[in-house]
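Single-structure report; data block below.
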Amino acid sequence: MNRERLTITLRSDLLNALDSTIDGDKLRNRSHAIEYYLSKSLGLKALKVLILAGGKPVFFESEKKALPKAMVKIAGKPLLEQTLHRLKAAKLTEVYISIGEGGEIIEDYFGDGRQWGINITYVRQNKNNLGNAQPVLQAKEFLNNSFLLLYGDVLSDVDYGDFVEFHRAQKTAVCTMALTSTESVDMWGLARLQGNKIVEFEEKPKNPKTFSRLVNAGLYLLEPEIFKYIDAKSVKLESNVFPRLAEEGKLFGYPYEGLWLDISSSAAYKQALNELNNK
């Protein structure tokens, strides 16, 4: 990436604050720190976001009706609404939502996104779509640069700016996957790290090959090169794409320990509510 040399003048208090963040590792020097914070503040605006919110509606006892999982309420608001608020706060306002059966519930609720200060474009999934790989491929025409991929049934408080900067620092990354830790690894994709690289990825393993407790958090930063790994036969990213990226050294992991709620199943939903109530 091309860089230009600049001469700048800063207030002494700002310079002192900047210097206090330099640790020689994550932030190596003043130049690196200034670039990091400018990129974190300004670099997200052009980043597009794809949210996968398809799948058949599910009956949740708490709602007394079937809803897309992204519309189930957590702390009084649909999970997807809380995600959109977080995206807006991070200046991520160009959002594509992939919807399937029951998608009109999402579309009627959020409209064009203006009320939330974002711009929403809906991508309607083909009826014969299975898994999550084809909805991503279907949105290819909108995603010609790096993009953020989120699952509509997951809520996290990850720092998007830091996540993006981490990804950009991995020179060979096609995908950076956010990772969280859990004791029940058989419900999610399990990752084994060496440094920042995911060297092995197992989807919902019954008999894990590794002692890792780092699992897929359903949040990714992807390069357009990802579309070389998804074809008409691809079904699930976790089964058909990520293991191949790991083998080729192009899959990286971003561990974090913040809020992470997953309602991909009734069991996961109950666990998410228990964790939320205990916070």
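The values are calculated or read from the model by the stated rules, or taken from the named source; none is laboratory data. In this text, all values refer to a predicted model and were calculated from it rather than measured experimentally. A quick note on method: Cβ atoms are made from the backbone with ideal geometry, for glycine too, and the neighbour counts reach across all protein chains shown. With ligands, DNA and RNA removed, areas are computed over all heavy atoms of the protein, side chains included. Shrake-Rupley method; radii C 1.70, N 1.55, O 1.52, S 1.80 Å.
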Notebook entry, point to check: Ala173 passes all but one of (1) touching a His at 6+ places or on another chain (Cβ under 9 Å); (2) in a strand (DSSP E or B); which number fails?
Noted result: (2)
Notebook entry, point to check: Identify, please: which residue in segment 201-246 is small (Gly, Ala, Ser) and within 18 Å of Leu179 (Cβ to Cβ) and is, among those, modelled with the lowest pLDDT?
Noted result: Ser212
Margin query: Return the residues of segment 195-214 that are in contact with a Leu (Cβ under 6 Å, 6 or more places away or on another chain) and either within 16 Å of Phe166 (Cβ to Cβ) or not in a loop (DSSP other than H, G, I, E, B) (or both); say none if nothing qualifies.
Written below: Ile198, Glu202, Leu214
Notebook entry, point to check: Take the residues of segment 247-279 that are at pLDDT 70 or above and of a type in the set (Asp, Glu): which is surrounded by the fewest Cβ atoms within 10 Å (Cβ to Cβ)?
Noted result: Glu257
Notebook entry, point to check: Is segment 149-162 home to any residue that is open to solvent by 30 Å² or more (accessible area, probe 1.4 Å) and of a type in the set (D, E, K, R)?
Noted result: yes
Check: Is it the case that Lys69 is within 27 Å of Phe147 (Cα to Cα) and open to solvent by 20 Å² or more (accessible area, probe 1.4 Å)?
Finding: yes
Next item on the list: Quickly run through segment 25-45 and pick out the residues that are modelled with pLDDT of 75 or more and either on the phi > 0 side of the Ramachandran plot or not aromatic (Phe, Trp, Tyr) (or both).
Entry: Asp25, Lys26, Leu27, Arg28, Asn29, Arg30, Ser31, His32, Ala33, Ile34
Item checked: Residues located in segment 1-40, provided they are open to solvent by 70 Å² or more (accessible area, probe 1.4 Å) and not in a loop (DSSP other than H, G, I, E, B) -> Ser12, Asp13, Leu14, Asn16, Ser20, Arg30, Ser31, Glu35, Tyr37, Leu38
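Taking the conditions exactly as written (without any contact (Cβ under 8 Å) to a residue 24 or more places away in the chain and either open to solvent by less than 50 Å² (accessible area, probe 1.4 Å) or in contact with a Phe, Trp or Tyr (Cβ under 7 Å, 6 or more places away or on another chain) (or both)), does Pro135 satisfy them or not?
Judged against the criteria, Pro135 is not a match.
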Item checked: strands (runs of 3 or more DSSP E) wholly inside segment 94-157 containing at least 1 residues that are in contact with a helix residue (DSSP H, G or I) (Cβ under 8 Å, 6 or more places away or on another chain) and at pLDDT 95 or above -> 94-99, 119-124, 147-151
Item checked: Neighbours by Cβ (under 7 Å, 6+ apart or cross-chain): first from segment 21-33, in contact (Cβ under 8 Å) with a residue 12 or more places away in the chain and aromatic (Phe, Trp, Tyr); second open to solvent by 90 Å² or more (accessible area, probe 1.4 Å) and part of a helix (DSSP H, G or I) -> none
Margin query: I'd like the full set of residues that are touching a residue at least 40 places away in the same chain (Cβ under 8 Å) and open to solvent by less than 10 Å² (accessible area, probe 1.4 Å), limited to segment 103-122.
Written below: Gly103, Ile106
